[in-house]
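These notes concern the structure reproduced below.
The values are calculated or read from the model by the stated rules, or taken from the named source; none is laboratory data. On a predicted model such as this, the values are computed, not experimentally measured, just so you know. Please note: Cβ atoms are built from the backbone with ideal geometry, for glycine as well, and neighbour counts cover all protein chains shown.
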Amino acid sequence: MGQRLVFVPECQSTNSLMLDLTSKSPLPEGTVVITSNQYAGRGQRGSTWQAAAGMNLTFTVLLRPTFLAVKRQFSLTMMASLAVFDYLDSVGLTNVKIKWPNDILVGGKKICGMLIENSIQGDAINQSIVGIGLNINQLEFPVVTATSLGLLSGQTFDLNDQWNLLIEKLEKRYLQLRAGKQQELKDGYLTHLLNIHRSQKFISNGSEFVGTIKTVSDQGELILEMDGREKAFLLKEISFVI
């Protein structure tokens with residue numbers, strides 16, 4: 001990964017730019033689009049990802065997981081989430097959790113978000129565009145629920161060094177997926193999943209309720225136990241109350 005690097009000083013969204021580039025000409029797997037200033041980053045559920053210019057890592061990796069069945073595409077989410085977990089663990093952070101499906105929290109505050117967009121061709125995934133926004137040196141945020149490596153450690157980090165370390169973790173996890181070790185990835189994902197086997201408040205269809213996270217299906221559904229029965233939820237059907 002990263003052997004071919006496309007750097008732009010600023011752009012609206014690295015995912016959008018990668019989609020535009022791949023629509024014009026084929027790019028090799030592992031191509032990375034990275035920017036110092038992503039001013040209109042996209043997140044889950046149509047949300048935006050806000051990052052101060054020149055202080056964080058905002059990039060997108062192109063993958064071609066044609067070996068992966070469409071019904072198992074959530075494995076890409078687990079793979080990328082674990083890669084970021086591995087990175088944060090390697091720099092000494094503790095209390096790191098994955099909030100379903102792929103937000104990364106440290107001490108309950110968000111340090112990383114990602115947006116994975118897959119293109120389907122027949123029964124396989126033709127390409128996967130994995131966008132990652134990781135807070136590194138930013139010290140002030142518009143919301144109190146965000147944090148950064150700098151805030152947590154009191155240090156300033158070289159962005160190139162941190163990117164190299166993160167891309168190494170991402171490649172290692174992707175090779176694990178390509179080797180067919182999907183169950184290992186799922187086991188690791190569930191181990192670090194926020195509030196698994198604990199009661200948690202949720203909102204669905206405008207109603208608040210309490211459920212217990214039991215697991216995540218192979219298709220990425222959140223499986224909750226409510227009143228002694230299990231129910232599966234897709235991303236757009238449920239929200240956490242934190």
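A few points about this structure:
- Within region 101-139, considering residues that are modelled with pLDDT of 95 or more and either of a type in the set (D, E) or part of a helix (DSSP H, G or I) (or both), the one surrounded by the most Cβ atoms within 10 Å (Cβ to Cβ): D103
- Among the candidates G206, G154, G180, residue that is outside the structural domain of G107 (by TED's automatic domain parsing) and either surrounded by fewer than 17 Cβ atoms within 10 Å (Cβ to Cβ) or over 18 Å from the mean Cα position of the chain (by Cα) (or both): G206
- Extreme residue, surrounded by the most Cβ atoms within 10 Å (Cβ to Cβ), among residues of region 12-26 that are touching a residue at least 12 places away in the same chain (Cβ under 8 Å) and in a loop (DSSP other than H, G, I, E, B): S13
- Residue list for region 209-224, restricted to those being among the β-branched types (V, I, T) and either exposed (fewer than 12 other Cβ atoms within 10 Å of the Cβ) or touching a Lys or Arg at 6+ places or on another chain (Cβ under 8 Å) (or both): V210, T212, I213, V216, I223
- Of the residues R4, R64, the single one that is farther than 26 Å from S153 by Cβ and without any contact (Cβ under 8 Å) to a residue 60 or more places away in the chain is R4.
- On the stretch given as region 25-64, residues that are modelled with pLDDT under 95 and more than 30 Å from T145 (Cα to Cα) total 2.
Every residue, every condition in (1) farther than 14 Å from I104 by Cβ; (2) in contact (Cβ under 8 Å) with a residue 24 or more places away in the chain; (3) of a type outside the set (D, E, K, R), yes or no:
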position: G133; (1), (2), (3): no, yes, yes
position: L151; (1), (2), (3): yes, no, yes
position: G154; (1), (2), (3): yes, no, yes
position: E171; (1), (2), (3): yes, yes, no
position: L185; (1), (2), (3): yes, yes, yes
position: L190; (1), (2), (3): yes, yes, yes
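- N37 vs. criteria in a strand (DSSP E or B), surrounded by 14 or more Cβ atoms within 10 Å (Cβ to Cβ), of a type outside the set (D, E, K, R) and on the phi < 0 side of the Ramachandran plot: yes
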